[in-house]
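J.: Take a look at this one; I'll ask things after.
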Amino acid sequence: MRSIKTIHVISAHAEGEVGDVIVGGVLPPPGDTIWEQSRWIARDQTLRNFVLNEPRGGVFRHVNLLVPPKHPEAQAAWIIMEPEDTPPMSGSNSICVATVLLDGGLIPMTEPETHLVLEAPGGLVRVRAECRDGKAERIFVRNVPSFAAQLDVPLTVDGIGTLTVDTAYGGDSFVIVDAEKLGFKLTEDEAHSIAKLGVQITNAANAQLGFHHPDNPDWRHISFCLFAGPLTEGPDGLQTSAAVAIQPGKVDRSPTGTALSARMAVLHARGVMKTGDRLTARSVIGSTFSGRIVGETQVGGRPAIEPEISGRGWITGIHQHMLDPSDPWPSGYRLSDTWGAR
């Protein structure tokens, strides 16, 4: 087999959402911080195209690049590559990365618990993994500070009318809509409609509302639309259903850890949740993430929470992505049947 490029990948998913991890074949990108390195990856596009575009990737796939940490407390760092963004943080991807590091033997596992500090582009995240018989069975991630940005603001969406929405940050930026008011029960058969409408709402929110992270001037857009289900009381606190539409048009198979963090921040801002309270979110495929507010803080003078999210991850395979020198599509390709109109 001929190849002028070979990238070593351990594939994984967290509660259904694919988050592959590059463990070899790629040198760390330039940059003095993990954030700067992620911006280089976003601008350069070479690695993103190779692993995310077809025939090696697809709109359903996220890929994470392991890099040496910059912060002295961290044991590892990673850069998240999603279909359209290279974001500050991702809950499902952090669970995939922690699972690969531990189950793959890259970092020693201690039973019954292993404690890690990982460095995301958006900051440090502290991980606690419940481990048994050589498997990290559940990953707890203390996420970056999360906050409500705008509450109960009007948003006009073509063909729908004017909605009342919230915007928030949970490691990534969200516009949050009431799923019931839009007629959604957040079930598997609604995925296509959720994805299509969610992208439309996200685009409208960027045009009309915008987003500003007070400590990260580079992050100036809304990434996702969270369709938030109703709150009910469960055995471990509040529970809800959730579906997140991801550009260019797919639904997160997991409940989305950053969305759970963002919604807890909104509920905290409304006085519905306080420190110590829990919220469990269920995805369209029935998987769950559990969330807890572990503390209060500030981001740029804005009230914020310190959220913890937890879920399960599994390794699904080991791959070597290769490039034959005669391949006429060295950067891959995207077609509108799955990637949407561009």
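The values are calculated or read from the model by the stated rules, or taken from the named source; none is laboratory data. No experiment lies behind these values; they were computed from the predicted model shown. Note that each Cβ is placed from the backbone with ideal geometry, even for glycine, and that neighbours are counted across all protein chains shown. Accessible surface is based on the protein model in full, side chains and every heavy atom, while ligands, DNA and RNA are left aside. Shrake-Rupley method; radii C 1.70, N 1.55, O 1.52, S 1.80 Å.
J.: Within 14 Å, Cβ to Cβ, of D152, how many net charges do the neighbouring residues add up to if Lys/Arg are +1 and Asp/Glu are -1?
T.: 0
J.: Rolling a 1.4 Å sphere over the protein heavy atoms, what is the accessible area per residue of segment 147-308, to the nearest Å²?
T.: Per residue, segment 147-308 has 41 Å² of solvent-accessible surface.
J.: Per-residue ellipticity at 222 nm for the chain, helices alone: DSSP H runs ≥ 4 residues times -39500 (n - 2.57), over residue total, nearest 500 deg cm²/dmol?
T.: After summing the helix terms and dividing by the residues of the chain, the value is -6000 deg cm²/dmol.
J.: Something else about it: Within 14 Å, Cβ to Cβ, of E233, how many net charges do the neighbouring residues add up to if Lys/Arg are +1 and Asp/Glu are -1?
T.: Net of charged neighbours comes to -1.
J.: In addition: Taking the Cβ-Cβ separation of S336 and D215 as r and a Förster radius of 35 Å, what is the calculated FRET efficiency to the nearest 0.05?
T.: Taking R0 as 35 Å, the efficiency between S336 and D215 is 0.45.
J.: Also, I was wondering about something else. Charges only on Cβ, +1 for Lys and Arg, -1 for Asp and Glu: so what's the dipole of the chain about the Cα centre, in debye to the nearest 20?
T.: 220 debye
J.: Using mean Cβ contacts within 10 Å as the protection proxy, how do 218-226, 291-299, 93-101 order, highest first?
T.: With the highest mean Cβ count within 10 Å placed first, the list reads 93-101, 218-226, 291-299.
J.: Which residue, chosen from W339, V244, S261, occupies the Cα position most advanced towards the positive end of the dipole of the chain, where the dipole is computed from +1 (Lys, Arg) and -1 (Asp, Glu) charges on Cβ about the Cα centre?
T.: W339
J.: Still on this structure, I have one more. Of N143, G183, A195, whose Cα points farthest to the positive end of the dipole of the chain (charges on the beta-carbon: +1 Lys, Arg; -1 Asp, Glu; origin at the Cα centre)?
T.: Result: A195.
J.: Tell me which aspartates and glutamates have Cα within less than 18 Å of K135's Cα, excluding those fewer than 8 residues away on the same chain?
T.: By straight Cα distance, K135 reaches E15, D20, D103, E111, E113.
J.: Where a Cα-Cα gap under 17 Å defines reach, which aspartates and glutamates qualify for K181, not counting those fewer than 8 residues away within the same chain?
T.: D152, D158, D166, E190
J.: To the nearest 20 debye, what charge dipole does segment 147-308 have about its Cα centre, counting +1 at the Cβ of each Lys and Arg and -1 at the Cβ of each Asp and Glu?
T.: Charge dipole, segment 147-308, about its Cα centre: 60 debye, nearest 20.
J.: Considering only G313, L47, A14, whose Cα is most displaced toward the positive end of the charge dipole of the chain, charges sitting on Cβ of Lys, Arg (+1) and Asp, Glu (-1)?
T.: Farthest along the dipole direction, towards plus: L47.
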